[in-house]
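Enquirer: My questions will all concern the structure given below.
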Amino acid sequence: MLSLFRRYRRFLIVSVLLLYPLVTFLVTGRRGRDPNFVDRAVIAMTAPLQSALNWAIDGVVGVVNHYVDLRGVRQENDALRLENMQLRAAVQALGEARAENGRLKQLLAYAEAAAGPEIPARVVGVNPVAKLLSVRISSGERQGVYRGMSVVTPDGIVGQVIRTTGGYADVALVTDPQSRVGVRVQRSRARGTAAGSGSGPLKLENMLRTEDVEDGDLIITSGTDGVYPPGLVVGRVANLEKKEHGMFQAADVLPAVDTTKLEEVLVVGSPYQEAAPMVEGTR
């Protein structure tokens with residue numbers, strides 16, 4: 001019995017100290033009395049334990065409340081992050097719509113100023129075959145597009161219609177190796193040919209060595225090839241080579257239109273475009 005008391009003496013002492021106030025309250029609580037010496041001693045001994053328990057309980061409650069607050073803040077941050085992503089997507093879409101609106105306004109202004117019929121179209125496909133640089137547009141026979149018509153933008157020429165269906169048409173780009181465009185130097189009116197090279201700049205051909213041509217000269221269509229109306233922008237002269245011998249001089253023509261970034265185009269009609277000048281069997 002003594003060994004059992006020694007083993008649990010701390011537990012028994014604490015239990016007695018905690019039970020004593022309860023028993024005293026139950027016995028004398030109704031009539032009340034002033035605390036005696038034993039009451040004061042018990043209160044003095046149990047006060048630190050109660051303070052510790054209160055501190056622990058307050059700490060646990062504080063941690064729980066802090067966790068709840070953090071969880072609420074995290075959910076609010078997630079909602080704000082989602083809203084920010086949605087707003088950024090809306091701003092991006094608005095910017096794209098504004099850019100498209102600007103391009104369409106340019107097309108409209110160009111169409112109003114042009115003499116012949118202008119048929120608007122969107123680029124809806126790109127030919128993956130390297131030997132035939134072409135794009136597909138969203139206007140075809142139903143819209144009045146036929147083979148041989150020229151395709152342009154307000155910046156300059158794009159290419160020539162080579163095939164049409166009910167609602168679509170294929171356009172061979174001016175950069176295609178088989179493309180040939182009759183051109184002239186706007187400043188000096190010298191005539192030549194702009195040939196596609198497959199990639200990079202066009203090649204200025206058939207320009208007599210005696211003609212007045214300089215780097216930076218603007219090259220426009222001459223209207224002599226039966227495809228493009230005269231006066232459309234082709235590009236600018238670069239890397240001019242005036243050879244000492246031979247009949248012709250050579251140069252690059254930097255295209256005015258980046259055909260790798262086409263989105264909207266105009267198909268240009270002309271009275272003399274009854275047949276395409278492309279070599280038969282090459283398309």
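Enquirer: Only one of (1) under 21 Å from I119 (Cα atoms); (2) open to solvent by 40 Å² or more (accessible area, probe 1.4 Å); (3) out of contact with any helix residue (DSSP H, G or I) (no Cβ under 7 Å at 6 or more places or on another chain) is not met by T210, so which one is it?
Expert: T210 satisfies every listed condition except (1).
Enquirer: For segment 213-226, enumerate the residues that are crowded, with 16+ Cβ neighbours inside 10 Å and among the small types (G, A, S).
Expert: S222, G223
Enquirer: I'm trying to understand the selection: among the residues of segment 162-178, which are over 30 Å from the mean Cα position of the chain (by Cα) and in contact (Cβ under 8 Å) with a residue 40 or more places away in the chain? Give the derivation first.
Expert: Taking segment 162-178 first, the residues over 30 Å from the mean Cα position of the chain (by Cα) are 162-166, 177-178.
Selection gives I162, R163, P177, Q178.
Enquirer: Now for a separate question. Is it true that some residue in segment 228-238 is open to solvent by 70 Å² or more (accessible area, probe 1.4 Å) and assigned to a strand (DSSP E or B)? I'd like the intermediate steps shown before the answer.
Expert: First pass over segment 228-238, keeping only residues open to solvent by 70 Å² or more (accessible area, probe 1.4 Å): 230, 236.
Then keep just the ones that are assigned to a strand (DSSP E or B); that gives 236.
Within segment 228-238, one or more residues are open to solvent by 70 Å² or more (accessible area, probe 1.4 Å) and assigned to a strand (DSSP E or B).
The values are calculated or read from the model by the stated rules, or taken from the named source; none is laboratory data. The model shown is predicted, which means the values in this text are computed figures rather than measured ones. Cβ: placed from backbone, ideal geometry, glycine included. Neighbour counts: every protein chain shown. Calculation scope for accessible area: heavy atoms of the full protein, side chains included, ligands and nucleic acids excluded. Shrake-Rupley method; radii C 1.70, N 1.55, O 1.52, S 1.80 Å.
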